[in-house]
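Scroll down for the structure; my scribbles are underneath it.
Since every read-out is calculated from the coordinates, none of them should be taken as a lab result. The structure displayed is predicted, hence computed values, not measured ones. Cβ atoms come from the backbone with ideal geometry, glycine included; neighbour counts cover every protein chain shown.
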Amino acid sequence: MKQLLYLFIFFIILNSFSFGYSKSIRKLILKLNDNNSVNRQLAALSLGKLKDIRAVEPLIKALVDKDVYVREAAALSLRELKDVRAVEPLIKTLCDENLGVRRAAAESLGELKDIRAVEPLIT
């Protein structure tokens, strides 16, 4: 999966030279709504690696995706963006049915170091 992610990021970077960085970010954000869950997952991971603040709200929406891997990727990517808008949605994600998603949310909250996350993380 990691190799696939790197290939996807490489493709986006190549496109950014021909279409512009801003357009590439918009394309990745649109991919979060793709019918294919692998595309949504890769888009979420790529947005985290590119660290563009425009991805915060779309990644927050992806925290409730029907696919567990998309939700986990969104939580991990929000950690990379370090934006406090993600704190409350990540706190809600601590109640996700999937352990991997909950763990990703907890790791992200720990990285954000926001006081609002302390109590939810210890209970």
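DSSP loop GluC sites (Glu not before Pro) in region 82-123 with at most 12 other Cβ atoms within 10 Å of their Cβ, which ones? Working shown, then result.
Details: sites: Glu97, Glu107, Glu111; in loops: Glu97.
Here the sparse-neighbourhood loop sites are Glu97.
Please turn the phi angles of region 82-92 into ³J(HN,Hα) values with the Karplus equation 6.51 cos²θ - 1.76 cosθ + 1.60 (θ = phi - 60°), one per residue in order, whole Hz, x for glycine and proline.
These are the phi-based 3J(HN,Hα) values: 6, 10, 5, 4, 7, 4, 4, x, 5, 4, 4 Hz.
How much length is gained on full extension from Asn39 to Thr123, taking 0.36 nm per residue of separation minus their Cα-Cα distance? Don't skip to the end; give the middle numbers.
Details: separation 84, 0.36 × 84 = 30.24 nm, distance 3.41 nm.
Roughly 26.8 nm would be gained on extension.
List nothing, just return the count: lysine pairs in region 45-123, 8 or more apart or interchain, with Cα separation under 14 Å.
Values: Lys49/Lys82; Lys51/Lys82; Lys61/Lys92; Lys82/Lys113.
The number of close lysine pairs in region 45-123 is 4.
Given the Cα-Cα distance of Glu57 and Arg103 and 0.36 nm per residue of separation, how much length would full extension add, in nm? Each step should come with its number before you reach the end.
On the way: separation 46, 0.36 × 46 = 16.56 nm, distance 2.05 nm.
Extra length from Glu57 to Arg103 when fully extended: 14.5 nm.
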